[in-house]
Amino acid sequence: MRAINRTYAPIEAMLDELARCGVEHAVACPGSRNAPILLSLAAEERIRTLSVLDERSAGFLALGVAKTTGRPVVLTCTSGTAAANFLPAIVEAHESRVPLIVLTADRPPELREVGAGQSIDQVKLYGSAAKWFVEVGNLQSGRESAVHHRALACRAWATAGGGRPGVVHLNLPLREPLAPTREELDPELWRGRRDGSPWVRVDEAPPSASAHEIAELARALAAAPRGAIVCGPTREDLAEHAAALAVALGWPLLAEPTSGTRCGPHRRDHVVAHYDALLRAPGWTAAHRPEVVLRFGDTPTSKPLRTWLAEPRQIVVDPHAAWHEPTRAADRVIVAEGAPLARSLVAALADTPPRDRAWVESWRRADALVGPALAAQPDPFEPKMYAALADALPAGSLVWISSSMPIRDVESFFPATDQAIRFASNRGANGIDGVVSSALGAAAAADGHAYLLIGELALLHDVGALLAARRLGLELTIVCVNNGGGGIFDFLRVADHAESAAYERLVATPSGIDLGRLAHGCGVRHTLAATPEELRAAVGTPGLIEVRTDRARNVELHRELFASLARELDAGAA
């Protein structure tokens, strides 16, 4: 402990405890009121601090780090509207259950509501999006203050990452001295436990099902020969155990990309990647109504899948009791971690007679039709370009997927592969804000590099993150589909019924910005790709790969491909 002065010492104590608990990353925005936090972070060697100029970008970058590592990340800024700019990322963190510890500097009570600069009401600024809020207060310098700040830091760590992970907001009203001027303080009064352990260690047992519940559930699943496992977005490492459970039950495993079960070296003979396309065929879907569905992770984005899930009995495995169940049709929620539950179910099903493979084989045969049908489409076709990455990305790649069309096209068309590809996306609030920054956070938490699949509007919405990448020395390989506006809106009824000029100007909003010139201005390599072969050749080098498509033609090709597949599937199901 340096114990520089009465302002710095409590912050140093908090950061020391957070590092002892396990914090490894912080994202910091510049300012004067938060200078004690910034300079204390700079001196804390156990925490890697990333400096980002724009608070909105910083919030999403911290979210990307936390989602990638699964650990709470410190996020800090100065007082006033700087703190308000964190709100979009905090909302996403709340909705997608990502642990953040937000340290906002604030004016002390005597400088609030008196016209002091950079002063707004920061008390419970983030409302219900914050899991826990604390007005840290101003204690007199000494041992009582040291204990308060150390215990508070431990509780912040445990609260952010424990139970249903989320955002902890600690508001620090900092008085002068804000500069690191020396005062006569006794460092011993500020020290933590001498063995290096946290002031308070919190041990939380993961939620698990009882032996009775496992046996009961195994009997229910074994009694349903026509069932399915659905794996949606999750940070759990489910792949091996979910795949083994699918084999034990003789069921298809419908694998959403961010579940981690679609791609990797685990057993994939029961994995169905293209369920979204299959479930658009009415005749085939009617012939493939399951008796029961066991779902791990959040509900996938696919609208046909959500419609299909609303009819059979659905059992949801939800370790956070988050109630991520928009169909509202599930009749049972099991609050338990998914991987141990799947492993226990496999053991409980060990003596179950082998299942007739006709059910799962019908899914696998249908799934196999989609890849060739996609490959036959003319270039450039957006989902065809995304799918081309399956055999071009190196093992261990981390791929961030933007909301709107990229996540839907990847869910519908990215094939299952034995390459260990990790997908992530902001699917809590489903917004397009902060997507580039989130991918940068993933790069910071990984090996300094990540891939990003994005549309041009989402890229422009967060273009400042390209400048942050240069400052931080992080690399992104960005595959940007530029179709001249918000392509997802063209699939909706509003596109068919709105007056065309108003629709283009206010809904589709084509930007007309030259992405090549933009990339050059940001110091980013720019490449054009119009075919899968050109994309594969370009994807090995960091930079912006632009894929130019026609919005209207993209809608036509999607609809023609889905209709063609539906005819083939329905004919086979008849």
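The values are calculated or read from the model by the stated rules, or taken from the named source; none is laboratory data. Predicted model only: the values in this text are computed from it and were never measured. Note that each Cβ is placed from the backbone with ideal geometry, even for glycine, and that neighbours are counted across all protein chains shown.
Collect the residues in the stretch 435-472 that are in a loop (DSSP other than H, G, I, E, B) and either of a type in the set (Lys, Arg) or buried (at least 23 other Cβ atoms within 10 Å of the Cβ) (or both), keeping them in residue-number order.
462
Looking at residue 235, is it modelled with pLDDT under 95 and assigned by TED's automatic domain parsing to the domain that holds residue 324?
It is true that residue 235 is modelled with pLDDT under 95 and assigned by TED's automatic domain parsing to the domain that holds residue 324.
What number of residues within the stretch 515-537 are in a helix (DSSP H, G or I), buried (at least 16 other Cβ atoms within 10 Å of the Cβ) and either on the phi > 0 side of the Ramachandran plot or not aliphatic (A, V, I, L, M) (or both)?
Residues meeting the conditions: 3.
Could you tell me which numbered condition residue 423 fails, if it satisfies all but one of (1) touching a helix residue (DSSP H, G or I) at 6+ places or on another chain (Cβ under 6 Å); (2) buried (at least 22 other Cβ atoms within 10 Å of the Cβ); (3) over 23 Å from residue 246 (Cβ atoms)?
So residue 423 meets the others, but not (3).
Answer yes or no as to whether residue 50 is surrounded by fewer than 24 Cβ atoms within 10 Å (Cβ to Cβ), outside any helix (DSSP H, G or I) and either in contact with a Gly (Cβ under 7 Å, 6 or more places away or on another chain) or on the phi < 0 side of the Ramachandran plot (or both).
yes
Has the stretch 464-487 got any residue that is within 17 Å of the chain's Cα centre (by Cα) and among the hydroxyl-bearing types (Ser, Thr, Tyr)?
No: the stretch 464-487 contains no residue that is within 17 Å of the chain's Cα centre (by Cα) and among the hydroxyl-bearing types (Ser, Thr, Tyr).
Filter the stretch 1-22 for residues that are within 28 Å of the chain's Cα centre (by Cα) and of a type in the set (Gly, Ala, Ser) and give the result.
If the condition is that a residue be within 28 Å of the chain's Cα centre (by Cα) and of a type in the set (Gly, Ala, Ser), then 19, 22 are the ones that fit.
Any residue at all in the stretch 140-152 that is surrounded by fewer than 16 Cβ atoms within 10 Å (Cβ to Cβ), at positive phi, in the same structural domain as residue 82 (by TED's automatic domain parsing) and not hydroxyl-bearing (Ser, Thr, Tyr)?
Yes, the conditions are met somewhere in the stretch 140-152.
Within the stretch 4-24, is there a residue that is surrounded by 24 or more Cβ atoms within 10 Å (Cβ to Cβ), assigned to a helix (DSSP H, G or I) and touching a strand residue (DSSP E or B) at 6+ places or on another chain (Cβ under 6 Å)?
Checked against the condition, which is being surrounded by 24 or more Cβ atoms within 10 Å (Cβ to Cβ), assigned to a helix (DSSP H, G or I) and touching a strand residue (DSSP E or B) at 6+ places or on another chain (Cβ under 6 Å), the stretch 4-24 yields no hits at all.
I need a count of the residues in the stretch 306-362 that are surrounded by 19 or more Cβ atoms within 10 Å (Cβ to Cβ), polar (S, T, N, Q) and either in a helix (DSSP H, G or I) or not assigned by TED's automatic domain parsing to the domain that holds residue 286 (or both).
Counting residues in the stretch 306-362 that are surrounded by 19 or more Cβ atoms within 10 Å (Cβ to Cβ), polar (S, T, N, Q) and either in a helix (DSSP H, G or I) or not assigned by TED's automatic domain parsing to the domain that holds residue 286 (or both) gives 1.
Keeping to the stretch 72-100, report how many residues are β-branched (Val, Ile, Thr), within 30 Å of residue 300 (Cβ to Cβ) and buried (at least 22 other Cβ atoms within 10 Å of the Cβ).
3
Test residue 529 against the stated conditions and say whether it is touching a residue at least 24 places away in the same chain (Cβ under 8 Å) and closer than 21 Å to residue 388 by Cα.
yes
Whether any residue in the stretch 281-297 is within 26 Å of the chain's Cα centre (by Cα) and surrounded by fewer than 18 Cβ atoms within 10 Å (Cβ to Cβ) is what I want to check.
No, the stretch 281-297 contains no residue that is within 26 Å of the chain's Cα centre (by Cα) and surrounded by fewer than 18 Cβ atoms within 10 Å (Cβ to Cβ).
Please indicate, with yes or no, whether at least one residue in the stretch 62-82 is at pLDDT 95 or above, within 18 Å of residue 428 (Cα to Cα), of a type in the set (D, E, K, R) and assigned to a loop (DSSP other than H, G, I, E, B).
Yes, because at least one residue in the stretch 62-82 is at pLDDT 95 or above, within 18 Å of residue 428 (Cα to Cα), of a type in the set (D, E, K, R) and assigned to a loop (DSSP other than H, G, I, E, B).
So, residue 38, is that one on the phi < 0 side of the Ramachandran plot, surrounded by fewer than 24 Cβ atoms within 10 Å (Cβ to Cβ) and either modelled with pLDDT under 95 or in a helix (DSSP H, G or I) (or both) or not?
Criteria met by residue 38.
What's the total number of residues in the stretch 538-567 that are surrounded by 15 or more Cβ atoms within 10 Å (Cβ to Cβ), in a helix (DSSP H, G or I) and touching a residue at least 60 places away in the same chain (Cβ under 8 Å)?
Residues that pass the stated criteria total 9.
Return the total of residues in the stretch 99-152 being in a helix (DSSP H, G or I) and over 30 Å from residue 441 (Cβ atoms).
Adding up the residues that qualify gives 9.
Are there any pairs with C-beta distances below 7 angstrom linking a residue in the stretch 329-352 that is without any contact (Cβ under 8 Å) to a residue 60 or more places away in the chain to a residue that is buried (at least 19 other Cβ atoms within 10 Å of the Cβ) and part of a helix (DSSP H, G or I), with the two at least 6 apart or on different chains, and if so which?
329/309
On the basis of being in contact with a Leu (Cβ under 9 Å, 6 or more places away or on another chain), over 18 Å from residue 386 (Cβ atoms) and not assigned by TED's automatic domain parsing to the domain that holds residue 88, does residue 464 make the cut?
Judged against the criteria, residue 464 is a match.
Evaluate the following for residue 56: is it under 21 Å from residue 197 (Cβ atoms) and of a type in the set (D, E, K, R)?
Taking the combined requirement at face value, the residue does not satisfy it.
May I ask you to list pairs of residues, at least six apart or on different chains, whose Cβ atoms are under 8 Å apart, with the first in the stretch 393-406 being outside any strand (DSSP E or B) and the second being of a type in the set (Lys, Arg)?
396/422; 397/422; 403/427
State yes or no: is residue 185 surrounded by fewer than 16 Cβ atoms within 10 Å (Cβ to Cβ) and touching a residue at least 60 places away in the same chain (Cβ under 8 Å)?
No, not satisfied.
If you scan the stretch 482-494, which residues turn out to be in contact (Cβ under 8 Å) with a residue 60 or more places away in the chain and either in a loop (DSSP other than H, G, I, E, B) or under 14 Å from residue 552 (Cβ atoms) (or both)?
Residues satisfying the conditions are 483, 484, 485, 486, 487, 488, 490, 491.
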